[in-house]
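Enquirer: Let me begin by handing over the structure; questions about it come next.
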2 protein chains.
Amino acid sequence: MSRFSQVAIVGGTHGNEFSGIYALKQWQTNTSVTTRDSFSTEHVFANPSAYHANKRYLDCDLNRQFDPQGLADLTLTNYEQSRAKVLNQQLGPKGDPRVDFIIDLHNTTSNMGPTLILLALDTFNKQLAAYISERMPDAIILVEDHLEPLQHAFLCSVAKQGVIVEVGPQPQSVLRHDVMESMQEMTTHILDFVHLFNIDKVPELPAQVTAYRYKETLHLPQNAQGERIGMVHQNVQDKDFEPIVPGDPLFMCFDGREVAWEGKYTAYPHFINEAAYYDNNIAMSMAEMFSLTV
Amino acid sequence: MSRFSQVAIVGGTHGNEFSGIYALKQWQTNTSVTTRDSFSTEHVFANPSAYHANKRYLDCDLNRQFDPQGLADLTLTNYEQSRAKVLNQQLGPKGDPRVDFIIDLHNTTSNMGPTLILLALDTFNKQLAAYISERMPDAIILVEDHLEPLQHAFLCSVAKQGVIVEVGPQPQSVLRHDVMESMQEMTTHILDFVHLFNIDKVPELPAQVTAYRYKETLHLPQNAQGERIGMVHQNVQDKDFEPIVPGDPLFMCFDGREVAWEGKYTAYPHFINEAAYYDNNIAMSMAEMFSLTV
């Protein structure tokens, strides 16, 4: 695999996820933290208008606008659809990008701890997962390879390789010290790894790493009129990446009825009760645990 | 003291504090929960437009618009200033109100648990504090009597008596099962107490109750240009109502410098890192602990 010569660290893709925005500010005044000898680093503030409005986005979710069809569709003209085209021009273009590697910094209101989200399991990503797991024992490796990287609509899919650093729990529009430190720690480990990979000095790594693979998305209970009639059950709240077996309660309806997990597998819920997903009535994502062979 | 014959339970004074809004919905379809023999109960959704916009408010904080000067000033015409005048007409008018007692339901992103906020320490409120403390050992009694109730700008100050039920931690625009249960529990205890008070059957109560009195508000560190240069220290985060002594760290600046508590007293911080207070750069409130004699 070729070297990574151009790395972009992106913050503020969602305007009310403050850790990445404030981390960028610090790194821009103290560039040595994100600089390594074998590549150049640039810092990109993806959605400043949403930040100034103190919202996730103005018109639509910026981190769902980078699929090839959307980027090519000139009739999609709202603010985030326009920002996506500009960022694709600035960092990409997708498929033949100027930037080799993107680290996109995100927060969640869910109790996901420091999570590294990978879009594919190539050699680089598998070694990166092992490298991070070894250095941050509380880190979670989440694989979202249900789509080809090029078909993903995430901002980080614009570069040759891209990852999401997702850290929670942090309410929207809040800056937590612990979450900030965790995000900075994971990001600097990733930069270290890219450098070691570039100079062919990747250290010995564990042969197996525990990881989670996205399976499906669950919605909050609704009635026939589309009104929410229940909430995430307190047995599940804050228990991201803890196992749920068929029959375990997932939701508590306002009429006192419990709704159980009806899947056929042991699921590892995450993005549990994420504030930003209420607009689509999404309650949580489900993953399966697996052993990633490095 | 006279009986309370008309009680109003208010939710959605802030549009992104979901517990009260959803509690009202449930109580409106199951009115027996909030009905007692000695008074009538009405349910009021204070700021539906902010809820539909998924924001705390459209133009300004509704729960700061009920001071007598603002209510009388017809040049204050924005959405929340107008809603305040309508609610004052509907529930008040302040000073000579139709409604005897208001319970205003709020959430905070801070780790304040179930907190009962009182605006004065008259016999009714002191007995209420003792009644709630005895039934909910995790409940906090917070007294904000630095202003006369009539001078307060809170919605609940419109009635003859009013309290705020403030429950956290809950991110904005999220509904947590545990927080919902806690809010409903405190609210039904309050209704029970009002009924017992009305029929002269207040039970024997503890003679002393631990309580906290609001002292002052602290701001996040800023530079001369008014930019935030630090965040709430992780030693303080989530430790609402735990003691801070002079010299304890309060803030972590982005340049690595710590800022300590410089007050002359043991302070009990609360509303620590509340998301809604960032617009005014507020970091937390400070209280003193005291023993409330019932």
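The values are calculated or read from the model by the stated rules, or taken from the named source; none is laboratory data. Keep in mind it's a predicted model, so treat the numbers as computed, not measured. Positions of Cβ are backbone-derived with ideal geometry, glycine not excepted, and every protein chain shown enters the neighbour counts. Please note that ligands, DNA and RNA were not included when accessible areas were found on the heavy atoms of the full protein model with its side chains. Shrake-Rupley method; radii C 1.70, N 1.55, O 1.52, S 1.80 Å.
Enquirer: Once the whole set of protein chains is in place, how much accessible area is left on A:Leu150, using a 1.4 Å probe, in Å² to the nearest 10?
Expert: For A:Leu150, solvent-accessible area is about 90 Å².
Enquirer: On to the next question. Name the residue from A:Pro246, A:Ser285, A:Gly226 whose Cα lies farthest towards the positive end of the charge dipole of the stretch A:216-288, charges +1 on Cβ of Lys and Arg and -1 on Cβ of Asp and Glu.
Expert: A:Gly226
Enquirer: Rounded, prolate or oblate for the stretch B:1-119? Axes are the square roots of the Cα gyration tensor eigenvalues, ordered a ≥ b ≥ c, and the cut-off for rounded is a/c under 1.5.
Expert: Note, shape of the stretch B:1-119 comes out oblate.
Enquirer: Then there is this: If you split all Cα-Cα distances of the protein assembly as shown into 10 Å bins from zero, what percentages do you get per bin, shortest first?
Expert: 3, 16, 25, 25, 17, 9, 4, 1, 0
Enquirer: Given the -39500 (n - 2.57) contribution per DSSP H run of 4+ residues, what per-residue ellipticity at 222 nm results for chain B, rounded to the nearest 500 deg cm²/dmol?
Expert: Mean residue ellipticity at 222 nm (helix-derived): -7500 deg cm²/dmol.
Enquirer: A further question on this structure: Which value, in debye to the nearest 20, gives the size of the charge dipole of the protein assembly as shown about its Cα centre, when Lys and Arg are +1 and Asp and Glu are -1 at the Cβ?
Expert: That gives the protein assembly as shown a dipole magnitude of about 760 debye.
Enquirer: Which loop-located GluC sites (Glu not before Pro) does the stretch B:193-283 contain, where loop means any DSSP state but H, G, I, E or B and the Cβ has at most 13 other Cβ atoms within 10 Å?
Expert: B:Glu204, B:Glu227, B:Glu262
Enquirer: Rounded to whole angstrom, how close does the nearest chain A beta-carbon get to the axis mapping A onto B, and which residue is it?
Expert: Measuring from each Cβ to the axis, the minimum is at A:Pro171, 2.
Enquirer: OK, next. Put A:Asp192, A:Asp240, A:Asp200 in order of accessible area, largest first, 1.4 Å probe: what do you get?
Expert: If we order A:Asp192, A:Asp240, A:Asp200 from most to least accessible, we get A:Asp200, A:Asp192, A:Asp240.
Enquirer: Determine the order of A:Asp100, A:Asp122, B:Asp138 by accessible area, beginning with the largest, at a probe radius of 1.4 Å.
Expert: Largest accessible area first, the residues go B:Asp138, A:Asp122, A:Asp100.
Enquirer: Rounded to the nearest 20 debye, what is the charge dipole size of the stretch A:216-288 about its Cα centre when +1 sits on each Lys and Arg Cβ and -1 on each Asp and Glu Cβ?
Expert: 140
Enquirer: Have a look at A:Asn63, A:Gln26, A:Gly113 and report the one farthest towards the positive end of the charge dipole of the stretch A:6-206, computed about the Cα centre with Cβ charges (Lys/Arg +1, Asp/Glu -1).
Expert: A:Gln26
Enquirer: Report the percentage of all Cα-Cα pairs in the stretch B:216-288 whose separation exceeds 16 Å, rounded to a whole percent.
Expert: Above the 16 Å cut-off, the stretch B:216-288 has 43 percent of its Cα pairs.
Enquirer: Which value, in Å³ per residue, describes the convex hull spanned by the Cα atoms of chain A?
Expert: Cα-based convex hull of chain A, divided per residue, equals 135 Å³.
Enquirer: If you take the accessible area of B alone, add that of A alone, and subtract the area of the pair, what total do you get in Å², probe 1.4 Å, to the nearest 100?
Expert: 2500
Enquirer: What is the Rg over Rh value, at two decimals, for the stretch A:141-206, using alpha-carbon atoms and the Kirkwood definition of Rh?
Expert: A ratio of 1.03.
Enquirer: Which residue, B:Phe18, B:Phe66, B:Phe254, tops the fluctuation ranking in a GNM of chain B built on C-alpha contacts under 10 Å?
Expert: B:Phe254
Enquirer: Straight-line reach from A:Lys215: which lysines fall under 20 Å, measuring Cα to Cα and dropping same-chain residues less than 8 apart?
Expert: Straight-line reach from A:Lys215, under 20 Å: A:Lys126, A:Lys239, A:Lys264.
Enquirer: Identify, among A:Tyr79, A:Pro169, A:His189, the residue whose Cα sits farthest towards the positive end of the charge dipole of the stretch A:6-206, taking +1 on the Cβ of Lys and Arg and -1 on the Cβ of Asp and Glu, with the dipole about the Cα centre.
Expert: The residue sitting most towards the positive pole is A:Tyr79.
Enquirer: Same structure again: Do any residues of the stretch A:166-207 lose at least 30 Å² of accessible area when the full set of protein chains is present rather than just their chain alone, and if so which, with a 1.4 Å probe?
Expert: Buried-area filter returns A:Pro171, A:Gln172, A:Ser173, A:Val174, A:Leu175, A:Arg176, A:His177.
Enquirer: Any idea of A:Tyr265's accessible area? Nearest 10 Å², probe 1.4 Å.
Expert: About 40 Å², ignoring ligands and nucleic acids.
Enquirer: Under a 5 Å amide H to amide H cut-off, with H placed in plane at 1.01 Å, what residues pair with A:His219 once short-range neighbours are removed?
Expert: Amide H to amide H, under 5 Å and 5 or more residues apart or across chains, A:His219 pairs with A:Ala283.
Enquirer: Treat every Asp and Glu Cβ in the stretch B:6-206 as -1 and every Lys and Arg Cβ as +1, leave all other atoms uncharged, and give the resulting dipole magnitude about the Cα centre to the nearest 20 debye.
Expert: Magnitude of the dipole: close to 500 debye.
Enquirer: Relative to the longest principal Cα axis of chain B, at what angle does helix B:177-198 sit, 0 to 90 degrees, rounded to 10?
Expert: The angle comes out near 50 degrees.
Enquirer: Also, quick follow-up: If DNA, RNA and ligands are ignored and the probe is 1.4 Å, what is the ranking of A:Thr266, A:Thr188, A:Thr75 by accessible area, most exposed first?
Expert: Of A:Thr266, A:Thr188, A:Thr75, the descending order of accessible area is A:Thr75, A:Thr266, A:Thr188.
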